[in-house]
1. For every helix of n ≥ 4 consecutive DSSP H residues, a contribution of -39,500 (n - 2.57) applies; sum these over the chain, divide by its total residues, and give [θ] at 222 nm rounded to the nearest 500 deg cm²/dmol.
2. Between 20, 290, 105, find the one with the highest GNM mean-square fluctuation for the chain; connect C-alpha pairs within less than 10 Å.
3. Efficiency by 1/(1 + (r/R0)^6): what FRET value for residue 64 and residue 271, r their Cβ-Cβ distance, R0 = 35 Å, to the nearest 0.05?
4. Could you work out the relative contact order of the chain? I mean the mean sequence separation of Cα pairs under 8 Å and 6+ apart, divided by the number of residues, in percent.
5. Alpha carbons only, please: Rg and Dmax for region 9-182, in angstrom.
6. Sort region 93-167 into rounded, prolate or oblate with this rule: let a ≥ b ≥ c be the square roots of the eigenvalues of the Cα gyration tensor; rounded if a/c is under 1.5, and if a/c is not under 1.5, prolate when a/b is larger than b/c, oblate otherwise.
7. Magnitude of the Cβ-charge dipole of the chain, K/R +1 and D/E -1, about the Cα centre, nearest 20 debye?
8. Taking N as the number of residues in region 195-302, what value does Rg over Cα atoms divided by 2.2 N^0.38 Å take?
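Quick note: the coordinates plus some simple rules give every number you see, no bench work behind them. In this text, all values refer to a predicted model and were calculated from it rather than measured experimentally. No Cβ is skipped: glycine too gets one built from the backbone with ideal geometry, and neighbour counts run over all protein chains shown.
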Amino acid sequence: MGRKKRDTIEFRFYEIPQGQSCLALLGEKWIMVYGKDDKYLHFHNLFEVGYCRHGEGDLVFDEKVCKYESGMLSIIPANYPHTTYSSEENFWEYIFFDIDLILEQIYPDNPSKQREAREIANKRADLLYEYQHPEMGEIIKRIMEEMRDKKPYYTETTNSLLRAFVMLLIRYQNTKEADSGRFNDVENQGAVMGIRPALEYMDREFAEEIKVAKLAEMCNMSEAHFRRIFQDGINMTPMDYLNLVRIQKACMIMNKTDHSMEVVAAECGFSTFSTFNRNFRKFLNTSPYQWKKNKDNYNNKLLDYKINALKGW
């Protein structure tokens, strides 16, 4: 099964439930024909690990198509373009987590070690056979069962299991370093992979003042080339994408706090409230005040809120 022509890409913003370590997508809802309604590649703000319980098909990592089958794990860092295709019903289950938060727990008060571990863990996306990596497979399945059953102390147990998984992930990625050409050779990267360092930086440092020139430098590109590659891959300008990330972060803050709109704007990197309000209307077609007053926004998870980065935004 070949991949579809990519003429845009989707940014899917997932929210970890308050007080928990991960978001779990489990159950019969995820028995489906994958790719049937997905026209585009997509990427997430969180690290994704999937487990194929039944089925076979193609998992596309940017420009690379990989075959999968039952009993395989998918390891996909944040901001990594991908999608799944199958010709028949398949059954995948997933967990999403913020690897930065996990590494802060593993290496408290050691930012340099956190950065080193993050770089290794996010090195590449991959498919793994469970029988070849039984420890990783067992931990992921255990996390899924903890999240499914929600027995007493499941949040603490899940958090401990995630820390163990991340350390195994770092060990695995480190052993694959010699195979660096597989995903990291610049000549073999697609457009979005080439700008991934900038995507990661914006997702992590969204509250700071960010210049396009600095983003281009991170990707080893001239500013003009970076702008062109970014527009071609994401179908948005770099600053529009940054403001989109900031608005999504603002939604999370408003759902979890009673901060004033002015404080939310500042926490998300907007220099003025008017700029925050203008961008909020641009992306969500409503004001921050109206969005916060609408009780449905608290009942509808951001999981259900998907943004297509289409030209014209």
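1. Values: 13 runs with 137 residues, N = 313.
It comes out at -13000 deg cm²/dmol, rounded to the nearest 500.
2. In this elastic network of the chain, the residue with the biggest mean-square fluctuation among 20, 290, 105 is 290.
3. Working: r = 40 Å, r/R0 = 1.14.
It comes to 0.30.
4. Reported relative contact order: 19 percent.
5. 15.6, 48
6. Because a/c hits 1.5 or more and a/b fails to exceed b/c, region 93-167 counts as oblate.
7. On the way: 43 positive and 47 negative charges, 172 e Å.
Here the chain has a charge dipole of around 820 debye.
8. On the way: Rg = 14.8 Å, N = 108, 2.2 N^0.38 = 13.0 Å.
So the Cα radius of gyration is 1.14 times the expected 2.2 N^0.38 Å.
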